[in-house]
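Everything below concerns the one structure shown next.
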Amino acid sequence: MISAQTIKGSIDELGAITKVELCVMDLNGDIVASTTERDILDISIITSFAQSPVDSQVIGDVHLFKILDEGEPAYVLLAKGDSEHAYMVGKIGVSQLQNLIVAYKERYDRNNFFQNLLLDNMLLIDVYNRARKLKVEVNVPRVIILVEVKHSNDNTAQELLGSMYAPHTGDYVTAVDENSVILIKSLAKSQTYEEVQKIATTIVDMMNTEAMLDVRVSYGTIVDELKDLSKSYKEAKMALEVGRIFYAEKRVNAYNTLGIGRLIYQLPESLCRIFIDEIFGGKEVPDDLDEETLNTINKFFENNLNVSETSRQLFVHRNTLVYRIEKLEKSSGLDVRKFDDALTFKIALMVIGYMKYLENR
């Protein structure tokens, strides 16, 4: 149901422009919102009018109107003032409030529809029936973009995202938990993942500059049918989680670019422990290495195992870098200058990071 604050804002604006005293009451005669502090009519008159078959009535200089919701009375509007002028203002107020009720109900219904759709709480036939009723197109390319907000208990992120992507463009904003906001983004058939990446990056920048919010964004695969949105949502959730574990430095993570991180994420913990034990077999594991060595190896990987470029970026002599690599080889048994050993070591680092995540969770 439409909020009292929204009704108050609507009649305050109308009353200020027309100089007509307005009051909205529920069917029991309780005031919902009013532009005046004094009582306009006795409660018994209001309740009697609410139960009558007529839609409008005039008592003295007060006009009474029923505000309908799907043909049934929801509120009573009182307009006090010059007869013809007050009547016209009252009719305008009724029209305005009834349109607001329809808009809010449609918004709620759509929100409820998309929440149940994403959570797989609907039968396929219900998806299409409700989509037709809510005028939601079925065969349009869409993608789920998930925005995780840190340290925010209000609706700032959802409101900002809603202002950026409005329903009239085919985009919808909703939420299924307290920590994230979901953008259901409609796309043109020509739009690619590159453009989705740009949209996700724009959201990060806007949230940071406009609301000073620390957010991480992920998105699933593009789906062509409405019924497949839950698949894109699950993928976006996985991308967010995998990004948090393996790619913490990235603010945007896409499901289709998770690479080996997605594979490791789906492994059982017992298999991860067996892998680490088999690779290092009692030797020093990467978890025990000092920060300098780990930073050196990570930079070495970033530069595609190029010793000269890595030493230049680390501002160390080439021989110093070689010494560190050979020291690592002695402790771990892996020479990261060789592709196979480097690959094994990189995977081991990711597996250990995943195991740490499981322990902390």
message = Cβ-Cβ under 8 Å, sequence separation 6+ or interchain: first residue in the stretch 339-360 and open to solvent by 80 Å² or more (accessible area, probe 1.4 Å), partner of a type in the set (A, V, I, L, M). Which pairs?
response = PHE339/LEU305
ask   = Which members of the stretch 16-50 meet the condition of being in contact with a Ser or Thr (Cβ under 6 Å, 6 or more places away or on another chain) and closer than 14 Å to HIS63 by Cα?
value = GLU21, LEU22, CYS23
request  = Name, by its number, the condition in (1) under 14 Å from the mean Cα position of the chain (by Cα); (2) open to solvent by 70 Å² or more (accessible area, probe 1.4 Å); (3) under 20 Å from GLU249 (Cα atoms) that does not hold for ILE199.
outcome  = (2)
inquiry  = When you scan the stretch 68-80, do you find a residue that is at pLDDT below 90 and more than 37 Å from the chain's Cα centre (by Cα), even just one?
reply    = no
ask   = Just checking, which of ILE2, ILE40, ILE45, ILE59 is touching a residue at least 60 places away in the same chain (Cβ under 8 Å) and among the aliphatic types (A, V, I, L, M)?
value = ILE2
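Here is a check on your reading of the model: is ILE222 open to solvent by 40 Å² or more (accessible area, probe 1.4 Å) and touching a strand residue (DSSP E or B) at 6+ places or on another chain (Cβ under 6 Å)?
In short, yes.
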inquiry  = Quick check on ARG244: is it within 30 Å of ILE199 (Cα to Cα), in contact with a helix residue (DSSP H, G or I) (Cβ under 7 Å, 6 or more places away or on another chain), surrounded by 13 or more Cβ atoms within 10 Å (Cβ to Cβ) and of a type outside the set (Phe, Trp, Tyr)?
reply    = no
task = Please specify each residue of the stretch 1-31 satisfying the condition of being of a type in the set (A, V, I, L, M) and farther than 15 Å from ALA79 by Cβ.
result = MET1, ILE2, ALA4, LEU27
message = Given (1) farther than 27 Å from TYR265 by Cβ; (2) basic (Lys, Arg); (3) open to solvent by less than 70 Å² (accessible area, probe 1.4 Å), identify the lone condition not met by LYS185.
response = (1)
task = Go through the residues of the stretch 171-189 one by one and say whether even a single one is within 17 Å of the chain's Cα centre (by Cα), of a type in the set (Phe, Trp, Tyr), at pLDDT 95 or above and not in a helix (DSSP H, G or I).
result = no
ask   = Hey, does the stretch 35-42 have a residue that's among the aliphatic types (A, V, I, L, M) and more than 30 Å from SER230 (Cα to Cα)?
value = yes
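The values are calculated or read from the model by the stated rules, or taken from the named source; none is laboratory data. On a predicted model such as this, the values are computed, not experimentally measured, just so you know. Quick reminder, even Gly has a Cβ in these numbers, built from the backbone with ideal geometry, and neighbours come from all protein chains shown. The accessibility values were calculated without ligands, DNA or RNA, using every heavy atom of the protein model including side chains. Shrake-Rupley method; radii C 1.70, N 1.55, O 1.52, S 1.80 Å.
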